[in-house]
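The next block holds one structure in the form of structure tokens; read it before the comments.
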Amino acid sequence: MADTLLDYETEAAHYDETRGGVPRAEAAAGAVLRLLPPGARTLLDLACGTGLVTERIAGTGLRVLGADAAHAMLRTAAGRLPGRVVRADARRLPFPDASLDAVCAVWLLHLVPYTGEIVAEAARVLRPGGVLAVTVDKDAAHDVGSDIDALLRPHRSAAAAHDLAGRGGARAAAHGLAPAGATAFTGHGQGATPRGTARRLRAGHYASWFRGDAVTTDTLAGALAALPDQDRPRADPEYRLVAHAKPVP
Ligand SMILES: C[S@@+](CC[C@H](N)C(=O)[O-])C[C@H]1O[C@@H](n2cnc3c(N)ncnc32)[C@H](O)[C@@H]1O
């Protein structure tokens, strides 16, 4: 986790404008809202980051809280949602058992190797009937059908190993959660470029699913560098969000 957090401590300053800004945040917030259980009044945005998505969910009248582990991200979030964000690791939340109607996590699970612990903790804080809504298969959503995708896809065998989709919901089921719907949202401004993808590959940003050695990395980065239009973003991705509900006894 240290590397992940280090990235976000330094990325906070330019996170919003490099991740699709308000259009992406509005699309993500809309997707979360579509998956909420009827009558939901409280929601925790897990790994709320700068709070750009959280703020949009909060604009609907729900009581919305945010939690994130990175100081710098949280500072921005605190400006947007004063008194409603807390610094916390997603595996140890400072909320009582069965105290929330919904928990969402946008763009968290693909980053970490301990999805099971996060799901268990979310299941603990959800009330019976409550819903956990998470993005899945984030990296695999990129550039579907593009020339970049054609190069990366063969290396994505373990792509979803860390998120809920990767185990067909088994991780959620293991913590007593049952499938409760799915939706998608457009990652505005998130279309990848060949140059950026090669840079991210070399920098280890795809470590959660790319297991290639140094030679494979070089070969793949070389193939990306040979693609045309090095700085032209490919199509905006469609990200998947799935919901799992805590059964009512
Ligand atoms: C890709 S950002 C997503 C932020 C926000 N959900 C959004 O969509 O704009 C990932 C966030 O996860 C946070 N994070 C990573 N590991 C975490 C953990 N174990 N507990 C809490 N937050 C974590 C990072 O600090 C970062 O803010």
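The values are calculated or read from the model by the stated rules, or taken from the named source; none is laboratory data. In this text, all values refer to a predicted model and were calculated from it rather than measured experimentally. Cβ sites come from the backbone with ideal geometry, for glycine too, and all protein chains shown count toward neighbours. Heads up: the accessible areas ignore ligands, DNA and RNA and are worked out on the full protein's heavy atoms, side chains in. Shrake-Rupley method; radii C 1.70, N 1.55, O 1.52, S 1.80 Å.
If each DSSP helix of 4+ residues adds -39,500 (n - 2.57) and the sum is divided by the residues in the chain, what number results at 222 nm, nearest 500 deg cm²/dmol? Mean residue ellipticity at 222 nm (helix-derived): -10000 deg cm²/dmol.
When you filter the trypsin sites (Lys or Arg not before Pro) in the stretch 211-249 for DSSP loop state and at most 15 other Cβ atoms inside 10 Å of their Cβ, you are left with Arg211. In a reduced charge model with +1 at each Lys and Arg Cβ and -1 at each Asp and Glu Cβ, the chain shows a dipole moment near 620 debye about its Cα centre. Placing unit charges on the Cβ atoms only, positive for Lys and Arg and negative for Asp and Glu, gives the stretch 167-226 a dipole magnitude near 100 debye about its Cα centre.
In whole percent, how big is the carbon plus sulfur part of the accessible area of the chain, probe 1.4 Å, protein atoms only? Carbon and sulfur: 56 percent of the exposed surface of the chain. For the stretch 1-125, the Cβ-based charge dipole about the Cα centre amounts to some 440 debye (Lys, Arg positive; Asp, Glu negative; other atoms uncharged).
In the context of the full protein assembly, Leu65 retains an accessible surface of approximately 30 Å², using a probe radius of 1.4 Å and ignoring ligands and nucleic acids.
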